[in-house]
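Trainee: One structure follows; several queries about it will come next.
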C-alpha cells in the first residue's frame, strides 16, 4: 500500500479490502456509502441533559462510520440544554455535527431496534445497558462477533463509577 493510500483510506474500507469483501478502495468506499443510521429520540430529549449528551456524541461519532448518513427523528423544537453545542436547537446542533433531522424511518434501510433506557432518576439502568452492549459486541479482526464481557469490565457495578474506570463509557452518570 502506498503512503498516500495509507493516510487517506477510511479504516473500515481498509478492513473490507483486507477481508476480501472489496477488491479496490473505490469498491470499499461504495460499500460504505450504503451504511446509514437512524436514531429515534423520545420526549425526554427536551429535558434530559444526559440524553442530549448521548445523542450529540452518537451523531458526532456515527457520521464518520455510516457514510450514507445519520438521521434523527423526534427532535421537534427541542432546545439545547448542554454546553456541547453553540446552536440554540438540537436540530441545528445535529445538522452542524453532520446529521440530518427527518420525519420518518427510511424504508430502504435495515432496521434493528434497541432502546437505551435513560430515565431521569434511575441512570444505573442505562449504564447497565451500555455495559451489556459493550460486553456482547466488539469489533473483531474477522468481523463482528459476540465476545464475552471484557476482563477489565468484570465486576463493574452499574452506577458506581466503576464503568468509567474500567473502560466502558456510560452516557448517563
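Nothing in this text is a laboratory measurement; each read-out follows from the coordinates by a stated rule. Everything numeric here is computed off the predicted structure, so don't read it as measured data. Cβ atoms come from the backbone with ideal geometry, glycine included; neighbour counts cover every protein chain shown.
Trainee: Could you estimate the translational diffusion coefficient of segment 60-111 from the Stokes-Einstein equation, with Rh from the Kirkwood formula over C-alpha pairs, at 10 °C and 1.306 mPa s, in whole µm²/s?
Mentor: 134 µm²/s
Trainee: Could you pull the Rg and Dmax for segment 1-91, using just the Cα atoms, both in Å?
Mentor: Rg then Dmax for segment 1-91, in Å: 17.1, 50.
Trainee: Separate question: Arrange the following residues from fewest to most other Cβ atoms within 10 Å of their Cβ: 79, 14.
Mentor: Least crowded to most crowded, the residues run 79, 14.
Trainee: Between residue 87 and residue 33, what is the FRET efficiency for a Förster distance of 22 Å, r being their Cβ-Cβ separation, to the nearest 0.05?
Mentor: The value I calculate is 0.25.
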